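Undergrad: Provided herewith is a single structure, encoded as structure tokens, for subsequent inquiry.
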Amino acid sequence: MKKISTYARKRMRQPVQFNGAEWLNAIGRCRQYSDEPVIGSWLPQGTTQISNVVLVEARMSYQGIKDGLVKPDQTDPYDMLAHVVGVAKIRAMQIGGEDFEVNYLLPILHAAELALLRIRARWEKHLVWGMDGPAISELADALNVYEEILTSSSPQQMADATDVRIAILKQLRGEQ
């Protein structure tokens, strides 16, 4: 009789689970957002609806802050814009590198980050959400960049960029 380790015995007792749709999940994670469904999938639509929902929410957040329609106690629209700009910057660095002179998207997104800081400072001082003139155009440009990055990336790439952003925020807060 052959000796086996405790780990091997434990694995033998666990039932084997087979996910027959994993290949569909892998294709859905790794291809760009698209209207075409995955061949063999029972879902009638592609993944474009997901990206469209995110883009609409981001643009509505932008418009609400720009028009002054966001109440002082609401922070979700600002958080949405900060998330969009942060993820776009991380994804832009993954695509084109971290050099501002080579990667032409980074100055646009950095200007949007500074605009978000000005919006936050205005809210902290006056308890009013609003944008100054440059912030309107800087954030509009950043939203256009985010839209282009989102439609050119796969859902997995965007999820990875979101994970990196969350890890950076935890590190800045001193969390583990």
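The values are calculated or read from the model by the stated rules, or taken from the named source; none is laboratory data. Computed from a predicted structure; not experimentally measured. Every residue, glycine as well, gets a Cβ built from its backbone with ideal geometry; the counts of neighbours run over all protein chains shown.
One line per residue, one yes/no per condition, for (1) in contact with a Lys or Arg (Cβ under 9 Å, 6 or more places away or on another chain); (2) part of a helix (DSSP H, G or I); (3) not hydrophobic (A, V, I, L, M, F, W, C):
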| site | (1), (2), (3) |
| --- | --- |
| ILE90 | yes, yes, no |
| ASN103 | no, no, yes |
| ALA112 | yes, yes, no |
| ALA115 | no, yes, no |
| ARG118 | no, yes, yes |
| ALA121 | no, yes, no |
| VAL128 | yes, no, no |
| GLU148 | no, yes, yes |
| LYS170 | no, yes, yes |
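Undergrad: What is the number of the single condition among (1) surrounded by 12 or more Cβ atoms within 10 Å (Cβ to Cβ); (2) over 19 Å from ALA58 (Cβ atoms); (3) charged (D, E, K, R) that ARG173 does not meet?
TA: (1)
Undergrad: Of the residues that make up the range 93-101, is at least one in contact with a helix residue (DSSP H, G or I) (Cβ under 6 Å, 6 or more places away or on another chain) and either of a type in the set (A, V, I, L, M, F, W, C) or under 28 Å from ALA26 (Cα atoms) (or both)?
TA: Within the range 93-101, one or more residues are in contact with a helix residue (DSSP H, G or I) (Cβ under 6 Å, 6 or more places away or on another chain) and either of a type in the set (A, V, I, L, M, F, W, C) or under 28 Å from ALA26 (Cα atoms) (or both).
Undergrad: Still on this structure, please answer the following. Go over the candidates GLN94, GLN63 one by one and state the one that is without any contact (Cβ under 8 Å) to a residue 12 or more places away in the chain, within 20 Å of the chain's Cα centre (by Cα) and assigned to a helix (DSSP H, G or I).
TA: GLN63
Undergrad: On to the next question. Can you name the residue in the range 1-51 that is of a type in the set (A, V, I, L, M) and at pLDDT below 70 and is also farthest from MET158 (Cα to Cα) among such residues?
TA: Only one residue fits best here, namely MET1.
Undergrad: Mind counting the residues in the range 119-143 that are without any contact (Cβ under 8 Å) to a residue 40 or more places away in the chain and under 14 Å from the mean Cα position of the chain (by Cα)?
TA: Selection size over the range 119-143: 0.
Undergrad: Right, something else. Mind checking whether some residue in the range 93-104 is hydroxyl-bearing (Ser, Thr, Tyr) and either surrounded by fewer than 12 Cβ atoms within 10 Å (Cβ to Cβ) or at pLDDT below 95 (or both)?
TA: Scanning the range 93-104, I find at least one residue that is hydroxyl-bearing (Ser, Thr, Tyr) and either surrounded by fewer than 12 Cβ atoms within 10 Å (Cβ to Cβ) or at pLDDT below 95 (or both), so the answer is yes.
Undergrad: Just the residues that are crowded, with 16+ Cβ neighbours inside 10 Å and of a type in the set (Gly, Ala, Ser), please, taken from the range 50-89.
TA: Listed by number, the residues that qualify are SER51, ALA58, SER61, GLY64, ALA82, GLY86, ALA88.
Undergrad: Something else about it: Quick one: LEU116 ticks every box in (1) touching a residue at least 60 places away in the same chain (Cβ under 8 Å); (2) surrounded by 14 or more Cβ atoms within 10 Å (Cβ to Cβ); (3) more than 30 Å from ALA26 (Cβ to Cβ) except a single one, so which number is it?
TA: Result: LEU116 fails condition (1) only.
Undergrad: Looking at ILE108 and the list (1) β-branched (Val, Ile, Thr); (2) over 30 Å from ALA26 (Cα atoms); (3) surrounded by fewer than 17 Cβ atoms within 10 Å (Cβ to Cβ); (4) within 19 Å of the chain's Cα centre (by Cα), which single condition is not satisfied?
TA: Result: ILE108 fails condition (3) only.
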